[in-house]
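Peer 1: Sharing a structure, written as structure tokens. Questions coming.
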């Protein structure tokens, strides 16, 4: 019976292709937009997770996420170090600057400053140069995406000279890092070098990175820092989630992507449901013939269900394949870097399509079940 059902389905090529296109389009839209949405949120947390050695972040109590900086006093670093249970505490600079190339082109950059001696917070995956080069006078590291944005088409190489806020520095190394929420070129310098590259201010220290003693409890040390200094001290995981929640609560990104995803669900359900209903309606006479020769309602339901499963599988496969291809070919674009199709989203879409196809099957099969076989004898 399934072979008959599939031949009926393929016999009306226009509706057959329309059903597959509807499922594939809905799948592509949901997979693409859902993965980009999650990727954007992960970019908000990337700068926090990039600092691998620290367990706690200490900051002003007014800081709500990683891109929001309120300067601390230099003495706050010493106060944090004096808290019982702290193994080490180092400064961490984060700010923006204007870089100028030898062609006098200006580019806004994200400037990060790590501890001069320990280099805690510095990137680990260097493509050109060594991490110790960062400690050389007037030397910085730049991310590969930023290098390609400033010098497109040129091979990655150390030795380029740039000016940051009118001070000349040499790019001593190129690293590969995660993409931040704001896709500026990323410059790493030592903390002392970073302070020389930015305009002088009364307070300079944005963050303090902390690691606790081996036998100390991280949460207890965080509470001790809060009690002693009055500053905010939270774990890396909590700070990453704080940054993500800030994006969710204070930007229009969730509403924008949510609207597109909801429209994808509605359009997919409507196109598939109505087209499948129309297909069944156009084939009522054939179903009537089958019922007239003794095919049971259970077999009819199996035929319609088989048709829906075939459409769902083909459309889902095409949609997921198209979404995967989009992210594969988009890897060379900085704006799409680090975005990929999540398996959780693929499974979620598959479950959603099951419900859509169940609905489409229910709508279509209802007319067949109440069909009078005598319809085949009417003109």
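The values are calculated or read from the model by the stated rules, or taken from the named source; none is laboratory data. For clarity, every value in this text was computed on a predicted model and none was experimentally measured. All Cβ positions, glycine included, derive from the backbone under ideal geometry; neighbour counts span all protein chains shown.
Peer 1: Mind telling me which of the residues 318, 290 ends up being crowded, with 19+ Cβ neighbours inside 10 Å, modelled with pLDDT of 70 or more and within 23 Å of residue 13 (Cα to Cα)?
Peer 2: Exactly one of 318, 290 is crowded, with 19+ Cβ neighbours inside 10 Å, modelled with pLDDT of 70 or more and within 23 Å of residue 13 (Cα to Cα), namely 290.
Peer 1: Right, something else. Quick one: residue 38 ticks every box in (1) over 21 Å from residue 205 (Cα atoms); (2) touching a strand residue (DSSP E or B) at 6+ places or on another chain (Cβ under 6 Å) bar one, so which box is it?
Peer 2: With respect to (1) over 21 Å from residue 205 (Cα atoms); (2) touching a strand residue (DSSP E or B) at 6+ places or on another chain (Cβ under 6 Å), residue 38 is out only on (2).
Peer 1: Further question on the same structure: Step by step: first the residues of segment 173-195, then only those that are modelled with pLDDT of 90 or more and farther than 21 Å from residue 71 by Cα, then the one that is nearest to the chain's Cα centre (by Cα). Which residue is that?
Peer 2: Out of the qualifying residues, it is 175.
Peer 1: Could you pull out the residue among 229, 236 that is over 24 Å from residue 145 (Cβ atoms), surrounded by fewer than 22 Cβ atoms within 10 Å (Cβ to Cβ), in contact with a helix residue (DSSP H, G or I) (Cβ under 7 Å, 6 or more places away or on another chain) and modelled with pLDDT of 90 or more?
Peer 2: Step by step, each of 229, 236 is checked, and only 229 is over 24 Å from residue 145 (Cβ atoms), surrounded by fewer than 22 Cβ atoms within 10 Å (Cβ to Cβ), in contact with a helix residue (DSSP H, G or I) (Cβ under 7 Å, 6 or more places away or on another chain) and modelled with pLDDT of 90 or more.
Peer 1: Considering each residue of segment 51-60, count those that are surrounded by 18 or more Cβ atoms within 10 Å (Cβ to Cβ) and out of contact with any strand residue (DSSP E or B) (no Cβ under 8 Å at 6 or more places or on another chain), and give that number.
Peer 2: Residues meeting the conditions: 0.
Peer 1: When you look at residue 57, is it touching a helix residue (DSSP H, G or I) at 6+ places or on another chain (Cβ under 7 Å) and touching a residue at least 60 places away in the same chain (Cβ under 8 Å), yes or no?
Peer 2: Yes.
Peer 1: Can you pull out the residues in segment 174-210 that are touching a helix residue (DSSP H, G or I) at 6+ places or on another chain (Cβ under 9 Å) and part of a loop (DSSP other than H, G, I, E, B)?
Peer 2: 176, 177, 178, 179, 180, 181, 182, 183, 184, 185, 203, 204
Peer 1: Could I ask something else about it? Any idea which of 102, 87 is more than 12 Å from residue 208 (Cβ to Cβ), assigned to a loop (DSSP other than H, G, I, E, B) and in contact (Cβ under 8 Å) with a residue 12 or more places away in the chain?
Peer 2: 102
Peer 1: If you don't mind, another one. Looking at the structure I just gave you, is residue 138 without any contact (Cβ under 8 Å) to a residue 12 or more places away in the chain, within 17 Å of residue 198 (Cα to Cα) and surrounded by fewer than 19 Cβ atoms within 10 Å (Cβ to Cβ)?
Peer 2: In short, no.
Peer 1: Which numbered condition in (1) buried (at least 17 other Cβ atoms within 10 Å of the Cβ); (2) closer than 30 Å to residue 178 by Cβ is the only one that residue 283 fails?
Peer 2: So residue 283 meets the others, but not (2).
Peer 1: May I pose another question? Checking residue 78 against (1) buried (at least 17 other Cβ atoms within 10 Å of the Cβ); (2) closer than 20 Å to residue 120 by Cβ, only one condition comes out false. Which one?
Peer 2: (1)
Peer 1: Would it be correct to say that residue 113 is over 23 Å from the mean Cα position of the chain (by Cα), on the phi > 0 side of the Ramachandran plot and at pLDDT 85 or above?
Peer 2: no
Peer 1: Failed condition for residue 83, given (1) at pLDDT 90 or above; (2) touching a strand residue (DSSP E or B) at 6+ places or on another chain (Cβ under 7 Å); (3) surrounded by 14 or more Cβ atoms within 10 Å (Cβ to Cβ), with all others met?
Peer 2: Only one criterion in (1) at pLDDT 90 or above; (2) touching a strand residue (DSSP E or B) at 6+ places or on another chain (Cβ under 7 Å); (3) surrounded by 14 or more Cβ atoms within 10 Å (Cβ to Cβ) is unmet by residue 83, namely (2).
Peer 1: Here is a follow-up. Any chance you could count how many residues in segment 121-148 are over 25 Å from residue 89 (Cα atoms) and touching a helix residue (DSSP H, G or I) at 6+ places or on another chain (Cβ under 7 Å)?
Peer 2: 2
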